[in-house]
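K.L.:
One structure, pasted below without further comment.
Laboratory data are not the source of any read-out in this text; all were calculated from the coordinates shown. Keep in mind it's a predicted model, so treat the numbers as computed, not measured. Cβ placement follows ideal geometry from the backbone for every residue including glycine, while neighbour counts extend to all protein chains displayed.
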Amino acid sequence: MNAMGVSLLTPPAGPLDRELLVEVILRLKRERKAIILAHYYQDAEIQDIADFVGDSLELARAAQRADAKVIAFCGVRFMAEVAKILNPAAEVLIPDLEAGCSLEESCPPDAFTRWRASYPDAVAVTYINCSAAVKALSDVIVTSSSAERILRQIPADKTILFAPDRHLGAYLVRTTGRPMVLWPGTCIVHEQFSHKALVELKLDHPDALVAAHPECPEAILAEADHVGSTSSILRFVQESKAGEFLIATEPGIIHQMEKLAPGKRFIGVPGASGECSCNVCPYMRRNTLANLYACLRDEAPRLELSEELRLAALRPLQRMLEMAGAPVSAGD
Ligand code: 13P
Ligand code: SF4
């Protein structure tokens, strides 16, 4: 029983208020010897109770070095899978197993296998936003913060297959000058940003700088002063002398921007259909304080992978961690 007379391991009769949820989550976290890892696209209240908030590469590294019995992963399923692959001794919990990703869905393992087979000598460089099964069929995994560095290490005479994000792939072709065969997947969130709304916002805020994630289509990236991973965008707004920014990525990250760069103004670029909230990732936002509480309480849903699949997916992930080099440089 806690001071409020609530047994922390008994399901609540009705909805709990925010303050009580935070209290029970932090208490359960200690009891379970757990840590909470969260992506920048989580709700602000989840980011605020996480032990670590980061981009995909940083979260992979944090999961690998975590010395906790339990990792409660507040992100999407492929990120929790990476945590399990890199830290098999930990019990990896995810508040909602349905937290998928449109890029992962676009690339089923059987279709990926057929695609690879039609380019027998090619190197398969695969974005981390894919299933463990597709990772296991790949040569090396990349994240948005490590992709350029890794691609530059692949011998020039090799054909490169890049899956599953065609916008990120096309951006990397432009920045590295390296032709690649692209899988036709897209992120349903970054694909939605309205170019018209962005141009209008630039006219209304002439001193604002534009920061965009490379999952956006080329027309959006062409308007940007900075293109990079979520962590890189965060560093950009902190280091820049500008006071106002237009943000073309999931608006969950604006919470960290306001914390780390107080006094600056951040405006989320809207989605293409005007008033819709289609710039909010529906998969990431399946996680809530209520289901984070329930998953720590029940130690479920739990991420399980066969050891055979884990070991097969580990190989290209380890290659990524080696080729990505030292964590975080200004250009990442
Ligand atoms: P980052 O690695 O930049 O955090 O990207 C993850 C993601 O899913 C972007 O949509
Ligand atoms: Fe996937 Fe896009 Fe959501 Fe990132 S924002 S998890 S790429 S659907």
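K.L.:
List the residue ranges in the chain for DSSP H helices whose C-alpha atoms run 24 angstrom or more along the long axis and whose Kyte-Doolittle average is -1.0 or above.
P.N.:
Numbers: long enough: 307-324 (25 Å, -0.05).
TM-like helix candidates: 307-324.
K.L.:
Using only the C-alpha atoms of the chain, find the volume of their convex hull and express it per residue in Å³. Walk me through the numbers on the way to the answer.
P.N.:
Numbers: hull volume 46.1 nm³, N = 332.
In the chain, the Cα convex hull volume per residue is 139 Å³.
K.L.:
How are the C-alpha pair distances of region 203-332 spread across 10 Å bins, as whole percents from the shortest bin up?
P.N.:
Spelled out bin by bin, region 203-332 gives 10, 29, 30, 23, 7, 0 percent.
K.L.:
Count charges around Val189 for me, please; just the other residues with Cβ under 12 Å from its Cβ, Lys/Arg as +1, Asp/Glu as -1.
P.N.:
-3
K.L.:
Any idea which of Val210, Phe193, Ser240 is furthest toward the positive side of the dipole for region 191-250, if Lys and Arg beta-carbons carry +1 and Asp and Glu beta-carbons -1?
P.N.:
With unit charges placed on the Cβ atoms, the residue in question is Ser240.
K.L.:
Net charge near Asp121, counting Lys/Arg +1 and Asp/Glu -1 over other residues with Cβ under 14 Å of its Cβ?
P.N.:
The answer is 0.
K.L.:
On to the next question. Using only the Cα atoms of region 222-268, build the gyration tensor, take square roots of its eigenvalues as a ≥ b ≥ c, and label the shape rounded, prolate or oblate: rounded if a/c is under 1.5, else prolate if a/b is larger than b/c, else oblate.
P.N.:
Working: a/c = 1.40, a/b = 1.21, b/c = 1.16.
It comes out rounded by the Cα gyration axes.
K.L.:
Towards the positive end of the charge dipole of the chain, with charges on Cβ (+1 Lys, Arg; -1 Asp, Glu), say which of Leu59, Ile150, Gly169 has the farthest Cα.
P.N.:
Among Leu59, Ile150, Gly169, the one farthest towards the positive end of the dipole of the chain is Ile150.
K.L.:
In nanometres, what is the gap between the two model label sites at Ala290 and Ala117, each 7 Å from Cα along Cα-to-Cβ?
P.N.:
Roughly 4.6 nm, to one decimal.
K.L.:
If each DSSP helix of 4+ residues adds -39,500 (n - 2.57) and the sum is divided by the residues in the chain, what number results at 222 nm, nearest 500 deg cm²/dmol?
P.N.:
On the way: 15 runs with 135 residues, N = 332.
Only helices count here, giving -11500 deg cm²/dmol.
K.L.:
Indicate the gyration tensor shape class of region 99-239 (rounded, prolate or oblate), computed on the Cα atoms with a ≥ b ≥ c the square roots of the eigenvalues: a/c under 1.5 is rounded; otherwise a/b larger than b/c is prolate and the rest oblate.
P.N.:
Prolate, since a/c reaches 1.5 and a/b exceeds b/c.
K.L.:
Relative to the Cα centre, what is the charge dipole magnitude of the chain, using +1 at the beta carbon of each Lys and Arg, -1 at the beta carbon of each Asp and Glu, and rounding to the nearest 20 debye?
P.N.:
700
K.L.:
Right, something else. Based on the Cβ-Cβ distance of Glu218 and Asp17, what FRET efficiency does E = 1/(1 + (r/R0)^6) give at R0 = 41 Å, to the nearest 0.05?
P.N.:
0.35
K.L.:
Taking a virtual spin label 7 Å from the Cα of Glu308 along the C-beta vector, which residues in region 96-124 bring their backbone nitrogen under 18 Å of it?
P.N.:
Within reach of a label on Glu308, which here means backbone N under 18 Å from a point 7 Å along Cα→Cβ, region 96-124 contributes 109-110, 113.
K.L.:
Length gain on complete extension for the stretch Glu200 to Leu26, per 0.36 nm per residue less the alpha carbon to alpha carbon distance? Walk me through the intermediate numbers first.
P.N.:
Working: separation 174, 0.36 × 174 = 62.64 nm, distance 4.37 nm.
That pair, Glu200 and Leu26, stretches by 58.3 nm at full extension.
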